[in-house]
Amino acid sequence: MIALAKLKSASRELLEYCTRQNEVKEAESYVSSNRHNVYRIGYHSLIPSNGLEEPKSEEGFGLSVRILFKDGKQGFGAADSGLGKDSFRQAYDKAAESAVLDTDFHSLPEPMKGGKGGNFSDLKIIKGSEEQGIRKAYDMIEGAFTTLKESGFSGGINITGELDLIASAFSIASSKGVFAGEQNTKAFASLTTSLEGKENATGTSFGSKAR
């Protein structure tokens, strides 16, 4: 995942690129980076398994611009997987090509006075490795085993669930004086345990945190 400081630098550079164009009256740049790790759990006491299916991850980053041109038209353009000048040019060209006249649109947003952001990120998720995520998923399975052992249950069990770790960051800059950035994380965990035997029971637990 791309560091917030680098995203802030890229949003400033993108804004400067756009405002240097002769046709531009106002401009707004947006740069973001996202990562999503998924750990799916599948365990059955009567079927050989590792308990954890193949971990999967998805990561992406990109940028976009919103531009108000001097002729009164406004346009939007975006570019994926790049933070350099080629991506700047691609996003700007798309904004110019898609520009339309909207008589209800007069200006980009002004900066808010007194607005403050919060801390919505957990560095353990942002800097965590895939191996650490795998260990956390196995901790969930061990938690189910411990609970069943303490209850005295000894029949067949079927455990399914999922652990999702999400991290994202963005930066926005505009010619109206707006400049802000934020990073945030989310963690979702769910586990369902089915007991096979006389009990014929199912129990489900879940949890989530923003940081």
Query raised in the report: Does at least one position in the range 46-59 carry a residue that is crowded, with 17+ Cβ neighbours inside 10 Å and in a strand (DSSP E or B)?
Result: yes
Report task. Please go through the range 80-101 and pick out each residue that is under 15 Å from SER29 (Cβ atoms) and crowded, with 19+ Cβ neighbours inside 10 Å. Result -> LEU83, SER87, PHE88, ALA91, TYR92, ALA95
Query raised in the report: Just one of the numbered conditions (1) closer than 14 Å to GLY181 by Cβ; (2) crowded, with 18+ Cβ neighbours inside 10 Å; (3) not acidic (Asp, Glu) is not true of LYS6; which one?
Result: (2)
Requested in this report: Keeping to the range 14-34, report how many residues are in contact with a Lys or Arg (Cβ under 9 Å, 6 or more places away or on another chain), within 20 Å of PRO111 (Cα to Cα) and acidic (Asp, Glu).
Outcome: 2
Query raised in the report: Has the range 118-135 got at least one residue that is out of contact with any helix residue (DSSP H, G or I) (no Cβ under 7 Å at 6 or more places or on another chain), in a loop (DSSP other than H, G, I, E, B) and among the acidic types (Asp, Glu)?
Result: yes
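For the range 87-100, check the following and say yes or no: at least one residue is aliphatic (A, V, I, L, M), in contact (Cβ under 8 Å) with a residue 24 or more places away in the chain, in contact with a Ser or Thr (Cβ under 8 Å, 6 or more places away or on another chain) and part of a loop (DSSP other than H, G, I, E, B). Outline the logic, then answer.
Looking only at the range 87-100, we keep the residues that are aliphatic (A, V, I, L, M), and these are 91, 95-96, 99-100.
Remaining after also requiring in contact (Cβ under 8 Å) with a residue 24 or more places away in the chain: 91, 95-96, 99-100.
Pick out the ones that are also in contact with a Ser or Thr (Cβ under 8 Å, 6 or more places away or on another chain) and you get 91.
Keeping just the survivors that are part of a loop (DSSP other than H, G, I, E, B) gives none.
No, the range 87-100 contains no residue that is aliphatic (A, V, I, L, M), in contact (Cβ under 8 Å) with a residue 24 or more places away in the chain, in contact with a Ser or Thr (Cβ under 8 Å, 6 or more places away or on another chain) and part of a loop (DSSP other than H, G, I, E, B).
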Query raised in the report: Of the residues in the range 152-180, how many are within 27 Å of GLU53 (Cα to Cα) and either without any contact (Cβ under 8 Å) to a residue 40 or more places away in the chain or within 32 Å of the chain's Cα centre (by Cα) (or both)?
Result: 12
Query raised in the report: So ILE126 fits all but one of (1) modelled with pLDDT under 95; (2) surrounded by 13 or more Cβ atoms within 10 Å (Cβ to Cβ); (3) over 30 Å from GLU16 (Cβ atoms); what number is the exception?
Result: (3)
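The values are calculated or read from the model by the stated rules, or taken from the named source; none is laboratory data. Just so we're clear, the structure is a prediction, and the values are computed from it rather than from any experiment. Here Cβ is always computed from backbone atoms with ideal geometry, including for glycine, and neighbour counts include all displayed protein chains.
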